[in-house]
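Enquirer: Quick one: the structure is below, questions incoming.
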Amino acid sequence: MTDAGREVCKLPQSDEERGTYLRNCWYVADWADGLGQEPQQKVLLEEPVAMFRDEDGTAHAIGGRCPHRFAPLGHGKMVGDQLECPYHGLRFDGTGTCVFNPHEKGVVPRVSVHRYPFVEKYNLLWIWMGDPALADESAIPDFAWLANPAWEAVRGTAHAEGHYELYSDNILDLGHANFVHPALAADVWTTGKRSFRTESDTVWAEYDQPDDYLSDGIGGLLGRVGVKQDFWCGVRWDAPATLFLDYRAGDVGTPREAMIALPSLHAFTPETRDTTHYVWAVARDYRLGDTEFSDLMHGILTAAFEEEDMPIIRNAHRQMAGKDLWDLEPVVLTGDSGGVRARRTLARLIEEEQQDSGASRIAAE
Amino acid sequence: MTDAGREVCKLPQSDEERGTYLRNCWYVADWADGLGQEPQQKVLLEEPVAMFRDEDGTAHAIGGRCPHRFAPLGHGKMVGDQLECPYHGLRFDGTGTCVFNPHEKGVVPRVSVHRYPFVEKYNLLWIWMGDPALADESAIPDFAWLANPAWEAVRGTAHAEGHYELYSDNILDLGHANFVHPALAADVWTTGKRSFRTESDTVWAEYDQPDDYLSDGIGGLLGRVGVKQDFWCGVRWDAPATLFLDYRAGDVGTPREAMIALPSLHAFTPETRDTTHYVWAVARDYRLGDTEFSDLMHGILTAAFEEEDMPIIRNAHRQMAGKDLWDLEPVVLTGDSGGVRARRTLARLIEEEQQDSGASRIAAE
Amino acid sequence: MTDAGREVCKLPQSDEERGTYLRNCWYVADWADGLGQEPQQKVLLEEPVAMFRDEDGTAHAIGGRCPHRFAPLGHGKMVGDQLECPYHGLRFDGTGTCVFNPHEKGVVPRVSVHRYPFVEKYNLLWIWMGDPALADESAIPDFAWLANPAWEAVRGTAHAEGHYELYSDNILDLGHANFVHPALAADVWTTGKRSFRTESDTVWAEYDQPDDYLSDGIGGLLGRVGVKQDFWCGVRWDAPATLFLDYRAGDVGTPREAMIALPSLHAFTPETRDTTHYVWAVARDYRLGDTEFSDLMHGILTAAFEEEDMPIIRNAHRQMAGKDLWDLEPVVLTGDSGGVRARRTLARLIEEEQQDSGASRIAAE
């Protein structure tokens, strides 16, 4: 029975509403354990994508619009290793090939949907939205801590209104914390030592503050309220908008490697130009298995990311009224340097990709 | 007093969002008993239409946008045989002529709204959306069983998201039942003997299966669970999307005329390109007056048509993103033959109508 | 902490959806006491506007889109006399100048947002949406009674769907009362002595009825049910859509100056082409301080303006499908004379303003 509650995303119908995306790139599609026995359907970069696991547990991502009558394949069910369309029962394997037609006594239409390179790594599912021949697993940014049992993570996924670059800007400029997240406010974000650099296609923003108080929220999580600490934070951005926030603190004089860390992931995958899939996690390597503490941590961070960041970014996005950031001639402050570098890098990558005559085109239809 | 809950449909504001419709055609506007003493307002083919009954009980349909200040006439009230605009009280008769002006002491503006040919037949209200001079009551498809007391019908009306042709495709290809409606699944729909034919402007899809088990749902309604039956089903389509589904079953060897029948109506009238008025009924000629059985039947069929069909068609419609079916180059399976014939017939009728210099034009404004 | 419930208005993204407005004009922004210690954010004429009070209580209105990252300034907080952006903490003074940057240790970007002339008068906040050099406080229409303690007003504000001119048309043609507001129906509105005149840029509609019964609603409020009265009503319109309704009644033979009056304000400020901020008040100079009577009055009038007028105007607006009134060739009745004069005056003022080479342009971005 079809679940009436499972609505698919309304896709943009005019060129004006469509975005331009980097295609030859790994995007976070979901948590690995977000995809169980049930297939899933999502829109990524305005394309319907069906995700499922075969009997071995291998995850697959294929075009989510059935080529027969355009139903969402990801709302279908698994028949062995095959995904059955919920509308007329055509079945597709993990390569996207139609392999069974219940209507014709064995005559299978020679048709297939796109097969997206799809990798399960660091407890995440990574999808390659461009030319499959160019997909290179080694280009997936390192989030080894997410798969390391020494680290226990609290996690979230959210459907966020606003362009995904506004979300990566937000993480790259932690100066917003002092205004958007009172519990996470600290002087370092706005007036401390900050530096920004680009290494190949990766952008880093760093915050470095010796001998100061932590924010109430972080101090509380680390058990370091009211006692001065050295702390350091590095934010790493990789295209399109996959960020690693490496937060560390320790008693004054502690070398960075010996500090307590609260590493976090912030991955933003565009659904459309106006909406974003947000996948986040923050991990610790202490009080492992302490579920009460995990719940506390999860509550603080959900509030910060989903109830504080998301509404203000939604509102900023709406006030941009569909215009490009640069066309609006924004004031640029020191704290924006990371976001600006990321935007320039992404714009360059998109331009290179579009100029590259060898770039594959995924025909959306 | 205006009922704040009575909102009118938002009409498309750009050419891109508008559809193309067959105008010289009978459309199902509603159930005859859906129009009582209270006038009604609906949008059909993107046109506001007001429907009301005069003191004799005769049903009328006229343009639903007051030519004075564009309020929905169908939200007004009856004053004798006249429909009074809910905003400033101009009154219109069943010909659409303004016949009373409360503001000018008898000076009535020489203005009228369109009068739609409107026929009450088979317990339904049929509206002609094109040139009134061409309206021919005899062109209304036969649904005599709906008005025959030997048949007791359970009925429904629904506001459905999705293009109306997707809804008629659905009824013409019963192969979807095995995936969308588990309770109605039967082998015949997908692999049984199926045939398709076009007779003048009418399309038929037929399913013929001797000596097999009925679906659980239909078998239950017919009291024929676990016993093999001969069964036959004919689906008749008439433009634009008015379908008669003639379902019959009987003990093996029963001639078709002697089988038990469950005739049904599925009428789809476009509101806009993206939304459809769905009127359905399924009748039986046994257990008449058994309200418990009627309730059971109504529940099974509402679930099938409104909770199973409608969501998947809505989702397919959204995934088509406003594009024409053929532009999306769909895979065509045997079961689509009925829908393809219906689409071709409708496209031809629309083209003929638009080329016919004698075709009337209803000026939308 | 950001209040997730505070959403900003979605702005039109295409020229097709944008309206044309008179800019050099006073618009009602809100009730004076609607702006307290908390800043407010509204969209007026498709422009985000932030409103706040400084420490002296003086009200200021400045561009509501932060030039840094486009967050709604009016969702920020006051730091002394300065409005702090809720996103990254830039502060702006009442002139719209950025005066503090928390990120750069004192380096303040040389940037400002528009400062709107903003006047507190008659208990209302009036905003000038055009060239500040042309703002002239004396052009604010007279609503002295709103600030006169001899008059006690019941008031409302509503977010209304529909073009603002449809709302001013509605007040200028009280003929609608007999159909939309049964409690306020009286013969004078439709068939009584009505006159219309234009004085400079002000339009008047007058209704004059000696020796007749009042409507049930008004008669009840005035304690004059079942007894004939002389009554008179003048509706004054000033651009863009600010109306004063001067309602008076008295025993037969009472001179107009000695009648009991129920003056009212109806101010309509466009948010977008399709939505309107509606600010209304109705006052009396009797039973002052009688809160039970005030509640009764408030209930009757809220029902009339918000539950009766607003839905029908919303529906008429939707049925106009984004088209200009005149393009739809409306029937014009006597009662429309006031609205037609107001529309012509406003169209002329807009045309003059756009032709005037000296007219300032507020760059929306």
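The values are calculated or read from the model by the stated rules, or taken from the named source; none is laboratory data. Source: prediction; values computed, not measured. Cβ coordinates were reconstructed from backbone atoms using ideal geometry, including for glycine residues, and neighbour counts include every protein chain displayed. We work out accessible area using only protein heavy atoms, side chains counted, and drop any ligands, DNA or RNA first. Shrake-Rupley method; radii C 1.70, N 1.55, O 1.52, S 1.80 Å.
Enquirer: Criterion first (within 14 Å of chain C (Cβ to nearest Cβ) and at positive phi) does B:Gly106 satisfy it?
Expert: In short, yes.
Enquirer: Okay, moving on. Out of the residues in region A:134-148 that are assigned to a loop (DSSP other than H, G, I, E, B) and among the hydrophobic types (A, V, I, L, M, F, W, C), which is surrounded by the fewest Cβ atoms within 10 Å (Cβ to Cβ)?
Expert: So the residue we want is A:Ile140.
Enquirer: State the number of residues belonging to region B:105-137 that are within 21 Å of B:Asp246 (Cα to Cα) and free of Cβ contacts under 8 Å to residues at least 60 places away in the same chain.
Expert: 2
Conditions (1) closer than 23 Å to C:Glu306 by Cα; (2) under 26 Å from the mean Cα position of the chain (by Cα); (3) of a type in the set (Val, Ile, Thr), marked per residue:
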position: C:Tyr167; (1), (2), (3): yes, yes, no
position: C:Phe196; (1), (2), (3): no, yes, no
position: C:Leu214; (1), (2), (3): yes, no, no
position: C:Gly219; (1), (2), (3): yes, no, no
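Enquirer: Within region C:310-338, work out how many residues are under 25 Å from C:Arg284 (Cβ atoms) and within 8 Å of chain B (Cβ to nearest Cβ).
Expert: So the count comes out to 1.
Enquirer: Would region A:115-133 turn up any residue that is under 30 Å from C:Cys9 (Cβ atoms) and surrounded by 19 or more Cβ atoms within 10 Å (Cβ to Cβ)?
Expert: no
Enquirer: Looking for something farther than 30 Å from C:Tyr167 by Cα and of a type in the set (Ser, Thr, Tyr) - is there at least one such residue anywhere in region B:6-22?
Expert: Yes.
Enquirer: Based on what the data block shows, is C:Glu206 under 23 Å from the mean Cα position of the chain (by Cα) and more than 30 Å from B:Leu90 (Cα to Cα)?
Expert: Considered against the rule, which asks whether it is under 23 Å from the mean Cα position of the chain (by Cα) and more than 30 Å from B:Leu90 (Cα to Cα), C:Glu206 comes out as no.
Enquirer: Ok, one more. State which residue is nearest to the chain's Cα centre (by Cα) when the search covers only region C:229-262 and only residues that are under 22 Å from C:Trp280 (Cα atoms) and charged (D, E, K, R).
Expert: So the residue we want is C:Asp238.
Enquirer: A follow-up question, please. Is there a residue in region A:283-293 that is open to solvent by 20 Å² or more (accessible area, probe 1.4 Å), assigned by TED's automatic domain parsing to the domain that holds A:Glu152, among the aliphatic types (A, V, I, L, M) and modelled with pLDDT of 95 or more?
Expert: Yes.
Enquirer: Would you please name the residue that is modelled with the lowest pLDDT, looking only at residues in region A:1-39 that are under 16 Å from A:His159 (Cα atoms) and away from every other protein chain (no Cβ under 14 Å)?
Expert: A:Gly34
Residue-by-condition table, conditions (1) modelled with pLDDT under 95; (2) in a helix (DSSP H, G or I):
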position: A:His159; (1), (2): no, no
position: A:Glu165; (1), (2): no, yes
position: A:Asp169; (1), (2): no, yes
position: A:Ala183; (1), (2): yes, yes
position: A:Val188; (1), (2): yes, yes
position: A:Arg194; (1), (2): yes, no
position: A:Trp204; (1), (2): no, no
position: A:Leu214; (1), (2): yes, no
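Enquirer: I would also like to ask the following. If you take the residues in region A:44-67 that are facing chain B (nearest Cβ under 10 Å) and crowded, with 24+ Cβ neighbours inside 10 Å, which one is nearest to A:Ala160 (Cα to Cα)?
Expert: Here the answer is A:Pro48.
Enquirer: Sticking with this one: Hey, does region B:246-260 have a residue that's within 30 Å of B:Lys323 (Cβ to Cβ), touching a residue at least 12 places away in the same chain (Cβ under 8 Å), buried (at least 20 other Cβ atoms within 10 Å of the Cβ) and of a type in the set (Ser, Thr, Tyr)?
Expert: no
Enquirer: I've got another one for you. Just give me the residues in region A:149-162 being over 17 Å from A:Met297 (Cα atoms) and either β-branched (Val, Ile, Thr) or open to solvent by 60 Å² or more (accessible area, probe 1.4 Å) (or both), in sequence order.
Expert: If the condition is that a residue be over 17 Å from A:Met297 (Cα atoms) and either β-branched (Val, Ile, Thr) or open to solvent by 60 Å² or more (accessible area, probe 1.4 Å) (or both), then A:Pro149, A:His159 are the ones that fit.
Enquirer: A further question on this structure: Of all residues in region C:87-113, how many are surrounded by fewer than 21 Cβ atoms within 10 Å (Cβ to Cβ) and either outside the structural domain of C:Gly64 (by TED's automatic domain parsing) or among the charged types (D, E, K, R) (or both)?
Expert: 4
Enquirer: Related question: Filter region A:68-83 for residues that are in contact with a Phe, Trp or Tyr (Cβ under 7 Å, 6 or more places away or on another chain) and open to solvent by 10 Å² or more (accessible area, probe 1.4 Å) and give the result.
Expert: Once the filter is applied, which keeps residues that are in contact with a Phe, Trp or Tyr (Cβ under 7 Å, 6 or more places away or on another chain) and open to solvent by 10 Å² or more (accessible area, probe 1.4 Å), region A:68-83 yields A:Arg69, A:Met78, A:Gln82.
Enquirer: Same structure, new question: Only one residue in B:Ala303, B:Ala316, B:Ala267 is under 20 Å from B:Glu161 (Cβ atoms) and open to solvent by 10 Å² or more (accessible area, probe 1.4 Å). Which one?
Expert: B:Ala303
Enquirer: Report every pair of residues separated by at least 6 positions or lying on different chains whose Cβ atoms are under 7 Å apart, first residue within region A:197-212 and farther than 21 Å from A:Asp238 by Cα, second among the aliphatic types (A, V, I, L, M).
Expert: A:Gln209/A:Val188; A:Pro210/A:Val252; A:Asp211/A:Val252; A:Asp212/A:Val188
Enquirer: So, in region B:187-220, of the ones that are aliphatic (A, V, I, L, M) and open to solvent by less than 10 Å² (accessible area, probe 1.4 Å), which residue ends up farthest from B:Phe268 (Cα to Cα)?
Expert: B:Val188
Enquirer: Could you list, in sequence order, the residues of region A:7-43 that are open to solvent by less than 40 Å² (accessible area, probe 1.4 Å), among the acidic types (Asp, Glu) and out of contact with any strand residue (DSSP E or B) (no Cβ under 6 Å at 6 or more places or on another chain)?
Expert: Within region A:7-43, none qualify.
Enquirer: Let me ask something else about it. How about region C:223-245: which of its residues are buried (at least 22 other Cβ atoms within 10 Å of the Cβ) and farther than 30 Å from C:Ser200 by Cα?
Expert: C:Gln229
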